[in-house]
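Visitor: Here it is: the structure, laid out below.
The values are calculated or read from the model by the stated rules, or taken from the named source; none is laboratory data. All values reported here derive from a predicted model rather than from experimental measurement. Glycine also receives a Cβ, built like all others from the backbone with ideal geometry; neighbour counts cover every protein chain displayed.
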Amino acid sequence: MTKRKDHSKQVVASDNPFASALSQALGVVVPKLNDTKHEVAGQVGDEQSIQPMHGQVGILRERRNGRWVVSLNFESTQGGNLNEVASQLKKSLSVGGSLKSEVLLLQGDIREKVEQQLDRMGLTHKRTGG
């Protein structure tokens, strides 16, 4: 019978109680919580914030193939990276969606949640359509 390894003296770098055991098993260095740089596949990059966008986002609810879809029209906005904004919206709302030209389609009738998230991001919005 083998003795178990004593893990009580290890310093945990995050709130996850399994982080130290997993990092030892995989041979990966766990980044510190207050470190703004992180290493991904050998590349070190700074966390980037989304550049501010100016203008108004149109919010329209419509049915496509029998399901509700919320379309966000970014045609009247300027500045910022639309791909990053779309990605952040989809992740924060936990929905699927697609970005085509300057229109973001989000699955489901989630207009209220979209409006709240756009307010948090500092974007002005207006409901359009009927």
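Visitor: Here are some conditions: (1) at pLDDT 95 or above; (2) within 15 Å of Leu118 (Cβ to Cβ). Pro52 meets all but one. Which one does it not meet?
Guide: (1)
Visitor: Oh, and also: What pairs come out if I take residues in the range 101-124 that are assigned by TED's automatic domain parsing to the domain that holds Ser76 and pair them with residues that are loosely packed, with under 13 Cβ neighbours inside 10 Å and part of a loop (DSSP other than H, G, I, E, B) whose C-beta lies under 6 Å away, six or more apart or interchain?
Guide: Glu102/Glu75; Gln107/Gly96
Visitor: Of the numbered conditions (1) at pLDDT 90 or above; (2) more than 30 Å from Val29 (Cα to Cα), Lys90 fails exactly one; give the number of that condition.
Guide: (2)
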